[in-house]
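Asker: Next up is a structure, given as structure tokens.
What follows is calculated from the coordinates using simple rules that are stated; it is not laboratory data. What you see is a predicted model; the values in this text were computed from it and never measured. As a convention, Cβ positions derive from the backbone with ideal geometry for all residues, glycine included, and neighbour counts pool all protein chains shown.
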Amino acid sequence: MNFSNSFHVLKITRNCHLLLDDPVYLDSEDLRREYVMNETGKVYVGTHNRPKGRRWVYGQFSDVALPVAQLLLEQSGLNPTERGNPVKVVRAISAIVSCFCLII
């Protein structure tokens, strides 16, 4: 996939927020609300033997999250049905980000 032309027109920075529908099912409404509404979490970096947890700000409620998600989905070429498949969405977004990293 070649997305380089559209990225030159749009000023997309490395601080890109993605909004993806998560297919995880939780029985408890309280647990679901906590899971979806959390603004922060933890990401682990380092090696297998020496992992280190870092705070991660999801940013899903920031003003740019939805427009960026819509832009990336438009650039992906996925039809609306395919956009419901998290595997296809992640693969398409990965291809866009990989292409974008090559032109920086």
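Asker: Just add up the charged neighbours of residue 78: K/R +1, D/E -1, any other residue whose Cβ is under 10 Å from the Cβ of residue 78.
Answerer: Summing Lys and Arg as +1 and Asp and Glu as -1 gives +1.
Asker: In nm, to one decimal, how far is the modelled label at residue 30 from the one at residue 74, with both set 7 Å along Cα→Cβ?
Answerer: 4.3
Asker: Multiply the residue separation of residue 91 and residue 60 by 0.36 nm, subtract the distance between their alpha-carbon atoms, and state the gained length in nm to one decimal.
Answerer: Using 0.36 nm per residue and subtracting the Cα-Cα distance, I get 9.2 nm.
Asker: What list of whole percents do you get for P(r) of the stretch 34-104, with Cα-Cα distances grouped in 10 Å bins up to the one holding the largest distance?
Answerer: Taking all Cα pairs of the stretch 34-104, the binned fractions are 16, 32, 40, 11, 0 percent.
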